[in-house]
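Since the structure comes first, as structure tokens, the remarks are kept for the end.
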Amino acid sequence: MKKQSGSILLATSLALIAWSCNQKDPEAKGDYVQGVFVVNQGNFSDNNGTISFFNREDKEAQLDVFSAANGRTISGGLTDYAEIDAKGIFLVDKDQGTDLIEIVESGTMKSVATINKDVANPQHVIKVGSNKAYVSCWGELNSDYSYKDGYILAVDLSTNTVTKTIKTGKGVGILRLINNEVYALNAEGSTVTIIDPATDAIKQSPEIGDSPVGLEADNNGKLWILCRGKYGDWSKPGDLGTQPKLVRLNAQTKAIEEKYNLGALSASKPSLLTITSNKSTLLVGFQNNVYAFATTAASFPLTTPLIKRSGTSLTALAVDPSQGLLYIGSTPGYKQAGYVVRYRSDGNVVDSIKVGIAPKELAFK
């Protein structure tokens, strides 16, 4: 047992050293040319989502760049943001009213169009082609707040219209484009929907594990999927739900190569996954802490965090591909500002930057 633990620590340490060597200090760039966008979800019932922006060398963020550019607020919660061919795409989830896709000029944040056709509980947006985006949507929930099957909207950004609706599983959220295929994670089920973005046709929907919520590709071409596990029934004492797992998938055959238990079974579940810029170390967010695992590790115990935190909720986790720094979203509450905290690979803090309420996603430019 001691021998295996030593091997895990050595492999992880070597991967982290390689990650550290890839890091660079921030360099000055122009506003909205290069920098970091922070999607602040806001407090859902207050419809007060915002998007903050800062250059990498800054110590302060512009807190609400959309309002500054347009003289109005987004008037909803924000769930994601992406830049596609000089346009920025916001996903707006409203407590009351119609959810929508807000499209802006990426360099100025000036609004150019909105789409509300078939938009219900939008979750994630990615580029899948020239002037083409996919937007995952939960759809309307049932009266008991359970999930119906979700769907993906194919959006033509040359006309700002929805061109197709692609049916998926329940709770579709994270989307990833890998090797010209789109992987859509059905977080309230156990499948991943794989789509050809050239034709919008579903190629297959393999069973992966309970509640897939994160996906990353490593430097060996393997796919890693974080399966959160099902939550237990709170009305049944002792029901801890199902075991969280990391699943390694062959990108060519789509066969599951290995399933690893992620820590011990507990009522709490890990929900955030990212990977270092050299694609050799997985980073998992669990109970407000961050754990690092080399992709060559033999097991994945949630025992010794790379970053141990307390006092605020961990709501976002990402690595800047140009700097290699780890960014986390820190949420002290849903009625006050949140923070983005930057870390180096050894877990030491670089700085923290005040942003909007409940930072949920990070977009690097």
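A few notes on this one:
- Estimated distance in nm for a label pair at residue 348 and residue 233, the labels positioned 7 Å out from Cα along Cα-to-Cβ: 5.1 nm
- Placing +1 on each Lys and Arg Cβ and -1 on each Asp and Glu Cβ, with no other charges, gives region 36-113 a dipole about its Cα centre of roughly 160 debye.
- Rounded to the nearest 20, the Cβ-based charge dipole of the chain about its Cα centre (Lys and Arg +1, Asp and Glu -1) stands at 840 debye.
- Projected label points at residue 163 and residue 309, each 7 Å from Cα along the beta carbon direction, are separated by 3.9 nanometres.
- Across region 234-295, Cα pairs under 8 Å and at least six residues apart give a relative contact order of 22 percent.
- Under 16 Å from the Cα of residue 203 - aspartates and glutamates, other chains or at least 8 residues apart: 181
- Three-way shape label, region 94-249, alpha-carbon gyration tensor, a/c 1.5: oblate
- Inter-centroid distance (Cα atoms) of region 198-231 relative to region 109-165, Å: 20 Å
- Taking a straight line from the alpha carbon of residue 132, these lysines sit under 16 Å away, with near neighbours fewer than eight places off in the same chain left out: 87, 164.
- Once the C-beta distance of residue 95 and residue 298 is scaled by a Förster radius of 51 Å, the resulting FRET efficiency is 0.65 to the nearest 0.05.
- Listed candidates (i) 251; (ii) 165; (iii) 137 - label of the one calculated as volume of the Cα convex hull per residue in Å³: (iii)
- Each label was represented as a point 7 Å from its Cα along the Cα-to-Cβ direction; for residue 222 and residue 108 these points are 4.9 nm apart.
- Stretching residue 252 away from residue 198 to a fully extended chain increases their span by 17.6 nm, per 0.36 nm per residue minus the current alpha-carbon distance.
- Among the protein heavy atoms, those of residue 50 account for about 20 Å² of accessible surface (1.4 Å probe, every chain in place).
- Normalised per residue, the accessible area of the chain is 43 Å², obtained with a 1.4 Å probe and no contribution from ligands, DNA or RNA.
- If R0 is 22 Å, the Cβ-Cβ spacing of residue 144 and residue 265 corresponds to a FRET efficiency of close to 0.25.
- FRET efficiency for residue 45 and residue 177, using Cβ-Cβ distance with R0 set to 51 Å, rounded to 0.05: 0.95
- For the residue pairs 167/335; 59/360; 59/308, the C-alpha atoms sit more than 26 angstrom apart in 167/335.
- For the chain: relative contact order, % (alpha-carbon pairs under 8 angstrom, 6 or more apart): 15 percent
- For region 121-164, the relative contact order is 31 percent, taking Cα pairs closer than 8 Å that sit 6 or more residues apart in sequence and dividing their mean separation by the residue count.
The values are calculated or read from the model by the stated rules, or taken from the named source; none is laboratory data. Quantities reported herein were computed from a predicted structural model and do not represent experimental measurements. A quick note on method: Cβ atoms are made from the backbone with ideal geometry, for glycine too, and the neighbour counts reach across all protein chains shown. Protein only, heavy atoms only, side chains kept; ligands, DNA and RNA dropped before computing areas. Shrake-Rupley method; radii C 1.70, N 1.55, O 1.52, S 1.80 Å.
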